[in-house]
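Data block below; observations after.
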């Protein structure tokens, strides 16, 4: 059998006042966090990037290598040649980039783990400095 609890006079008002107080505090906290969601200012695109990609020491000879900045959301991609060499066609901003791969058939090149096929799942990162960068990217299984 259910019991019904009878509230004392004024206790219902206290209940709603405390709920209202909690909601007000939550709104104030969320409003204060809004400023931290701003994107940082992006530096100039003055870094050129080229290099070689290998998987377990052997050149990756097909597809494209991609660079994704978690800080700025920028992407640069370059074709891999028969020796695993690449050059990004345009300069990018200096910073930390996540390396990933793109193939025509969507399959990892040469047995490479599938996590490297997306900028969201790859964990291979490279620093890109202002000016010229010559990278040696060696993915391990």
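Things worth noting here:
- Every residue from the stretch 93-108 that is in a loop (DSSP other than H, G, I, E, B), farther than 20 Å from residue 81 by Cβ and touching a residue at least 40 places away in the same chain (Cβ under 8 Å): 93, 94
- Taking the stretch 109-141 as the range and being part of a helix (DSSP H, G or I) and at pLDDT below 95 as the test, the residues that pass are 109, 110, 111.
- The stretch 52-79, subset part of a strand (DSSP E or B) and over 22 Å from the mean Cα position of the chain (by Cα), residue surrounded by the fewest Cβ atoms within 10 Å (Cβ to Cβ): 58
The values are calculated or read from the model by the stated rules, or taken from the named source; none is laboratory data. These figures come from a predicted structure and were not determined experimentally. Backbone-built Cβ (ideal geometry, glycine too); neighbour counts: all protein chains shown.
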